[in-house]
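All remarks here apply to the structure that follows.
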Amino acid sequence: MQQLADKPHVVHVIDRLPPDGAERLIVDVLQNRSDRFRFSVLCIVAGGEMVDELRAIGVPVTILNRKPGLDFGTLPALVRWYREQKVAVVHTHLYAADSYGRVAAVLAGVRGRFSTRHNTSAWGSRGRRWLAWGLGRLSQRVIACGEAVGKFLVDVERLPPDRVTVIANGINLRRFDAVDRTALRRELGVGENTVLMGVVGRLHPQKGHADLMVALEALNRTHPDFVCVLAGSGDLKDTIEADAKARGLEGKVRLLGQRKDIPNVLAGLDLFVMPSLWEGLPMAMLEAMALATPVLATSVGSIPSVIDSGEDGVLVPPGDPAALTTALQRLMADGDWRRQLGRKGRDTVVAHFNAANTASAYESLYLEALA
């Protein structure tokens, strides 16, 4: 039997490990890993809440502690680590890891070089966009988390189509076997007849909280029996709180901060709302669907490839608070329809967005690169 140390070493490289989408994807995929490889995770900048979860499933985590700004020590440190650890495949995620991680992989002579792009947002400056273009050519494949992201990589970032592979995000369905669907409602003291809706995601302009506040103000005039929770942290916390107060939504909008019990949060909602301005294929949305929580989302990124609006979820245009209000009013008024959407949403995720399939597809690419 092949010893673990003799198996090809695959390392996922990422900036940090907070409980966000890309980081959750890595954990869910590694929970479904095969025994053909030796896996580890390397954090370029810092650790985070997901470190313990990875170590608990037997995946080592190394934290490099890159200094802020341009750190000239990061690249040689990565090259040295790759060589010392006999890394065969480097799989990077997010900006710092994509940049430093892939360049170091080339310098260290790593045979397999892959990167997953998690949304359709271009890297900020022109210099960064040129860097993305060049790094795409240093990779065997750039993996798009959905069809819209793949199209973006080819049409906008001008990567050759044969360098882009679409592998849909998947979630670990076993995480939801023991959720408590009443915990959130008990914690908040929300009555069972009140519609409890929520957003899960960082407090960042991308997530469309500003549009949601406008929609909730209008909803409060017609269907006031609701509470909306926002789970996540970020720089917009004070801005969102002030906006909610100015719109008369105190007590209606509750900021929960960063949570470690996201499955319980999602399971406790009557409606999951994702008013994002851009996305890739959001993990939180897939998790809500897996829990049969109905989803109202904007038609951005690869979300329309998952949700058939009116069948297994509801879609509205991004940046359109009026459309968001109308959809919320209809969903608030029709509990049977919400529950039907939730059931069909779960069927969709179980059939097409399982992390076991994502893990298998990733590993097929690694084998191809090492053949």
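The values are calculated or read from the model by the stated rules, or taken from the named source; none is laboratory data. Model, not experiment: these values are computed from the prediction. Glycine also receives a Cβ, built like all others from the backbone with ideal geometry; neighbour counts cover every protein chain displayed.
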Quick one: Glu217 ticks every box in (1) free of Cβ contacts under 8 Å to residues at least 60 places away in the same chain; (2) assigned to a strand (DSSP E or B); (3) assigned by TED's automatic domain parsing to the domain that holds Pro282 bar one, so which box is it? (2)
Search result, residues across region 82-112 that are among the β-branched types (Val, Ile, Thr) and surrounded by 15 or more Cβ atoms within 10 Å (Cβ to Cβ): Val87, Val89, Val90, Thr92, Val103, Val110
Given the structure, is Val110 modelled with pLDDT of 95 or more and not in a helix (DSSP H, G or I)? yes
Top-ranked residue in region 33-48 [being surrounded by fewer than 22 Cβ atoms within 10 Å (Cβ to Cβ) and within 21 Å of Gly280 (Cβ to Cβ); ranked as nearest to the chain's Cα centre (by Cα)]: Gly48
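If you check Arg66 against the conditions, is it farther than 28 Å from Leu203 by Cβ and either assigned to a loop (DSSP other than H, G, I, E, B) or of a type in the set (Phe, Trp, Tyr) (or both)?
Values: farther than 28 Å from Leu203 by Cβ: no; either assigned to a loop (DSSP other than H, G, I, E, B) or of a type in the set (Phe, Trp, Tyr) (or both): yes.
Here the answer is no, as Arg66 does not meet what is asked.
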Taking Asn220, is it modelled with pLDDT under 95 and farther than 26 Å from Asp20 by Cβ? no
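Could you tell me which of the residues Val79, Val10 is surrounded by fewer than 22 Cβ atoms within 10 Å (Cβ to Cβ), more than 20 Å from the chain's Cα centre (by Cα) and outside any loop (DSSP other than H, G, I, E, B)? Steps first, please.
On the way: Val10 fails: surrounded by fewer than 22 Cβ atoms within 10 Å (Cβ to Cβ).
Unique residue meeting the criteria: Val79.
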Residue list for region 220-258, restricted to those being in a loop (DSSP other than H, G, I, E, B) and buried (at least 22 other Cβ atoms within 10 Å of the Cβ): Gly232
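Taking the residues in region 170-198 that are aliphatic (A, V, I, L, M) and in a loop (DSSP other than H, G, I, E, B) as candidates, determine which candidate is nearest to the chain's Cα centre (by Cα). Reasoning before the result, please.
First pass over region 170-198, keeping only residues aliphatic (A, V, I, L, M): 171, 173, 178-179, 183-184, 188, 190, 195-197.
Still in the list and also in a loop (DSSP other than H, G, I, E, B): 178-179, 190.
Working: Ala178: 22, Val179: 20, Val190: 28 Å.
That would be Val179.
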For region 315-360, the count of residues that are in a helix (DSSP H, G or I), closer than 20 Å to Met289 by Cβ and touching a residue at least 60 places away in the same chain (Cβ under 8 Å) equals 14
